[in-house]
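The values are calculated or read from the model by the stated rules, or taken from the named source; none is laboratory data. Nothing here was measured: the structure is a model prediction, and the numbers come from that model. Backbone-built Cβ (ideal geometry, glycine too); neighbour counts: all protein chains shown. Note: areas computed on protein heavy atoms with side chains; ligands, DNA, RNA excluded. Shrake-Rupley method; radii C 1.70, N 1.55, O 1.52, S 1.80 Å.
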Amino acid sequence: MSIPTDPWHFPRPELAQAYLQGFELGLTSARGLFARRRMGKSEFLKHDLLPAAKQAGYLAAYTNLWDDTDHPGQALATAILLATQPKGLGRFWEELNTPISKLKGGAKLPLGMEGSIELDLAAKEKAAVPAIQAALQAADKANKRLLLVIDEAQVLAAPQHKAVAHSLRAGLDIRKPAIKVLFAGSSEAALREMFSRSAAPFYNWAPLEPFPLLGRAFVEATVKQLAKVAKQPLKLDDALQAFAALKETPEFFRWYIERYLMYQQQGPEQALLYTQARLHDASSYAKVWKELNRADRAVLLLAAGGVQDLYGAPALKQLQAWLGAADVSASVPRTSIRRLTGPRLQLMARVDHGAYRFEDPEFQSWVATRRTID
């Protein structure tokens, strides 16, 4: 049975080969990539990098930790097993759900777990650390190199997943020749926290770089594909203008193309207006805004208005007015920034000392239209 392909996918084989070549040279066993959401990162990883890795003789494991942010250990172990021993996945979890003393194979488990005979492992997530170690031991038996792609890897930066992150690094450290790892994520701030903070499990473990974004070639290929199915082909100039108006975001551009294809008689201008209106649907942003405390909203409003120095006297004076407080010190915006750039919210990213930007430019535009913090 043939595997269906996406005719709208824009292949990037050269980029996939460049990443694989970096691993082949042996200078690094891991690398980190960041790009904000909807920029085509996950599509590239699944449809370009993983197939190229398999063609080059790798086993390829992929997991997106956003699919289950509470149990990244379970997701990682499952991905590794699916790539290395897919037929043994059910038995793997069955054995981990028994008391540790009865585990088959006699493999030594980490952190003294073999002594915890009465430990309750009824739920898979409770077995995260031994599951990762057992999955890596299973990968050792595959006698093939493994490419492990961890999408939305910033989930591992959360304090509650520290044990999982430590276990994963320990297991990967001794397998660098056999297992290559690509960490990808949508939060630059959280990924930098993972790799640059000395107390973090993955400190200095992988170089971090921006994911190369799509541009004119992507637009040209999409217009060419559209011409095959549309009665009224779209002009390249109109498509390029729409791509720019949509902040060069591939997913939003796909929305525009879909709208144009369905209502060609209305023309490209109406398709763009419809797409922009769809982007500015305030429902999701309003929900995020409502869940923030007043200080966090105030800091976001300052940043959306172009304020660079969030700790300076003018900024503190404005915060004082918005919060209705007699005195506001620099600790107020500092605490808010810590929350806003943290792995739970990921609304802002630190780009330099004292300099921050919004992770989502559309959210910035929405915040900029606000007049109060309430």
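Give me the accessible area per residue for the stretch 311-374, probe 1.4 Å, as a whole number in Å².
Per residue, the stretch 311-374 has 54 Å² of solvent-accessible surface.
In Å², and per residue, what accessible area does the stretch 202-267 have when probed at 1.4 Å with the other protein chains present?
Value for the stretch 202-267: 54 Å² per residue.
Where the centroid of each part is defined by its Cα atoms, how far is the stretch 151-181 from the stretch 46-74 in Å?
Centre-to-centre distance over Cα atoms comes out at 14 Å.
Calculate for the chain the 222 nm mean residue ellipticity that helices alone would give, adding -39,500 (n - 2.57) per DSSP H run of length 4 or more and normalising by residue count, nearest 500 deg cm²/dmol.
Taking each H run of at least 4 residues, the total per residue is -14000 deg cm²/dmol.
Among the listed pairs 141/176; 46/144; 41/87; 290/317, which are separated by more than 27 Å between their Cα atoms?
Too far apart for the 27 Å limit: 41/87.
In nm, to one decimal, how far is the residue 17 label point from the residue 244 one, both placed 7 Å along Cα→Cβ?
Here the answer is 3.3 nm between the modelled labels.
Suppose R0 equals 22 Å; then what is the FRET efficiency for residue 287 and residue 371 from their Cβ-Cβ distance, rounded to the nearest 0.05?
Efficiency, from the Cβ-Cβ distance: 0.70.
Calculate, for the stretch 11-89, the solvent-accessible area per residue in square angstrom, rolling a 1.4 angstrom probe over the heavy atoms of the protein chains.
45 Å²
How high is the relative contact order of the chain, in percent, counting Cα pairs under 8 Å that sit 6 or more residues apart?
For the chain, the relative contact order is 17 percent.
Grab the beta carbon distance between residue 91 and residue 143, set R0 = 30 Å, and tell me the FRET efficiency rounded to 0.05.
Working from the Cβ atoms, E equals 0.90.
Run the Debye formula on the Cα coordinates of the chain, all scatterers equal and no solvent, and tell me log10 I(q)/I(0) at q = 0.08, 0.10 1/Å.
With one equal scatterer per Cα and no solvent, log10 I(q)/I(0) is -0.52, -0.79.
Once Lys and Arg get +1 and Asp and Glu get -1 on their Cβ, which of 348, 22, 201 lies farthest toward the positive end of the dipole of the chain?
In the chain, that residue is 22.
Counting pairs of alpha carbon atoms under 8 Å apart in space and at least six apart in sequence, what relative contact order in percent does the stretch 245-307 give?
23 percent
Within the accessible area of the chain, what % is carbon and sulfur when the probe is 1.4 Å and the other protein chains stay in place?
Using a 1.4 Å probe with all protein chains present, the chain comes out at 53 percent carbon and sulfur.
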